[in-house]
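The values are calculated or read from the model by the stated rules, or taken from the named source; none is laboratory data. As the structure is a prediction and not an experimental result, all values here were calculated from the model. Glycine also receives a Cβ, built like all others from the backbone with ideal geometry; neighbour counts cover every protein chain displayed.
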Amino acid sequence: MPSARYHARVVRPISGPDIENGTVIVDGNLISWVGPRADAPEGSDIELGDVILSPGLVNAHTHLDLTALRGRFNGLEFFAWIRALTAARQAMSPEELLESSGAGIREGLQAGITTFADTAPNDAPFEAMRELGVRGIAYREVFGPDPRQCAESMDALRVAVAATRPRETALVRVGVSPHAPYSVSDELFSEVAAFARRERLPLATHLAESEDESNLVSRGEGAFATFLRGRGIEVGARGRTPVEMLEKNQVLGANALLIHCVRCDPRDIVTIEKHWCGIATCPASNRTLGHGSAPVKAFLTAKIPLGVGSDSMASNDGMDMQREARLALGAQASEHAVWELAALGGARALRLDHLIGTLEPGKQADLAAFPLGANSSAPTRATFVAVAGRVLLDD
Ligand SMILES: [Zn+2]
């Protein structure tokens, strides 16, 4: 097959300055050349027109199977919201979960997203990512706030991982996700982390998202504490902060992705940096649920690998990584910083930056093109998307 020469008004490699009238050459699943069109080597021409051609964007935190529940529980406070959401998901059939996951991926593709980091207690997002040809990590969620449930939860996780792992592909990997401090005991956190290290699986966990969660972890108080006590579970202080609780349970490490991290103080940030964890920040979701905003500038100053995530469509109204990056960085951020966070930042946080996140020879041909001069307040729609050289969207 001859090389494909993708020509665009602007090529935005992220790894270097924009190239006016640029070309990206793709051989098979890899990028083989990036530069000005006038200097491009031979190949078959594909004119993308008046677009910005960039690396595919990375959605560093999704719950694709919840896409169908968009807007269903707007206005509920966090504790009631998460209970309503969990009950609604339990009522969905495997087919509905798969369909909902596929709808989420198609929406993501239209927003130029080529990589999804998804957490779910079922294999629907994993299957949908495989079917639709996108790149991703499907972190299998595990729950168990009662230490007495630990062995049972671990058995279920091992069975689920053993069933999906043989079906991993070059694009879609399996990980594990102890859900959150209010739904996972210390014992289960440390067992899942040990399992992930042994099996070399990436790990993701929701962390330091709400005030209720911080109250539970640091003092054994608040809405989650009351709920857990009502189920006969012993609740006490578990650590100075959620981050320190995870450190104590040996969850923090280079394979760990920490989702949210809204309530991180300077000591927590030093701890996250020391263990070289990635962070997925979800500013629109945090705002919708009234959790406040994460200390993104401090994360970046500490050089913590940081990506942006939409979170589920039950706490967001769309997947727009440029918008998430603008919300995370603030209005004064440069366009370069916004795009870097939306593409390379997520790749770094997921430890995939050796494969994706920039347009450079040798990297995977995950590409997205966006109309030039699009109104930045409107959702950012892509006109062309490819993953590993395969075209998935072409308007
Ligand atoms: Zn989430």
Condition set crowded, with 24+ Cβ neighbours inside 10 Å and part of a strand (DSSP E or B), scope the stretch 98-120, selection nearest to the chain's Cα centre (by Cα): answer is A117
Would you mention how many residues in the stretch 27-67 are away from the ligand (no atom under 16 Å from the Cβ), surrounded by 15 or more Cβ atoms within 10 Å (Cβ to Cβ) and assigned to a helix (DSSP H, G or I)?
1
Output for Cβ contacts, cut-off 8 Å, separation at least six or different chains, first residue among the charged types (D, E, K, R) in the stretch 195-210, second more than 16 Å from the ligand (Cβ to nearest atom) and in a loop (DSSP other than H, G, I, E, B), reads R197/G253; R197/N255; R200/N255
Only residues that are within 17 Å of D146 (Cβ to Cβ) and of a type in the set (A, V, I, L, M, F, W, C): list them for the stretch 200-246, please.
L216, V217, F224, A225, F227, L228, I233, V235, M245
Take the stretch 156-172 and flag every residue that is surrounded by fewer than 18 Cβ atoms within 10 Å (Cβ to Cβ) and under 15 Å from S185 (Cβ atoms).
A156
Here the qualifying pairs (Cβ atoms under 9 Å; residues six or more apart or on different chains; first in the stretch 170-191 and part of a helix (DSSP H, G or I); second among the small types (G, A, S)) come out as D186/G239; E187/G144; L188/G144; L188/S153; E191/A151; E191/S153
Checking L372 against (1) within 16 Å of the chain's Cα centre (by Cα); (2) surrounded by fewer than 21 Cβ atoms within 10 Å (Cβ to Cβ), which single condition isn't satisfied?
(1)
Where a residue in the stretch 123-143 is over 21 Å from D155 (Cα atoms) and its partner, wherever it lies, is modelled with pLDDT under 95, with Cβ under 7 Å and at least six apart:
none
Please go through (1) away from the ligand (no atom under 16 Å from the Cβ); (2) surrounded by 18 or more Cβ atoms within 10 Å (Cβ to Cβ); (3) outside any loop (DSSP other than H, G, I, E, B) for A337 and return the number of the only condition it doesn't satisfy.
(2)
Considering the stretch 45-67 alone, what residues qualify as being free of Cβ contacts under 8 Å to residues at least 60 places away in the same chain and outside the structural domain of A369 (by TED's automatic domain parsing)?
none
Hits in the stretch 288-315 - residues which are closer than 20 Å to A204 by Cα and not aliphatic (A, V, I, L, M)
H291, S293, P295, F299, K303, P305, G307, G309, S310, D311, S312, S315
Whichever residue in the stretch 304-318 is in a loop (DSSP other than H, G, I, E, B) and of a type in the set (A, V, I, L, M, F, W, C) and, among such residues, is nearest to the ligand (Cβ to nearest atom)
A314
Within the set of pairs 6+ apart or on separate chains, which have a first residue in the stretch 156-167 that is without any contact (Cβ under 8 Å) to a residue 24 or more places away in the chain, a second that is not in a helix (DSSP H, G or I), and C-beta atoms under 6 Å apart?
R165/V174
Spot the failing condition for S312; the list is (1) surrounded by 18 or more Cβ atoms within 10 Å (Cβ to Cβ); (2) at pLDDT 95 or above, and only one is missed.
(2)
Identify the residue in the stretch 68-82 that is modelled with pLDDT under 90 and assigned to a helix (DSSP H, G or I) and, among all such residues, is farthest from D353 (Cα to Cα).
A80
Residue pairs, Cβ under 6 Å, 6 or more apart or interchain, first in the stretch 245-260 and touching a residue at least 40 places away in the same chain (Cβ under 8 Å) and within 18 Å of H61 (Cα to Cα), second more than 16 Å from the ligand (Cβ to nearest atom) and of a type in the set (F, W, Y). List them.
A254/W276
If you take just the strands (runs of 3 or more DSSP E) that sit entirely in the stretch 345-395, which of them hold at least 2 residues that are under 14 Å from P13 (Cβ atoms)?
367-371
From D65, D39, D27, D50, residue being at pLDDT 95 or above, under 30 Å from E127 (Cα atoms) and over 20 Å from the mean Cα position of the chain (by Cα)
D27
Does the stretch 133-169 hold any residues that are under 26 Å from E244 (Cβ atoms) and in a loop (DSSP other than H, G, I, E, B), and which are they?
F143, P145, D146
Residue count, the stretch 319-329 (criterion: away from the ligand (no atom under 16 Å from the Cβ) and assigned to a loop (DSSP other than H, G, I, E, B)):
1
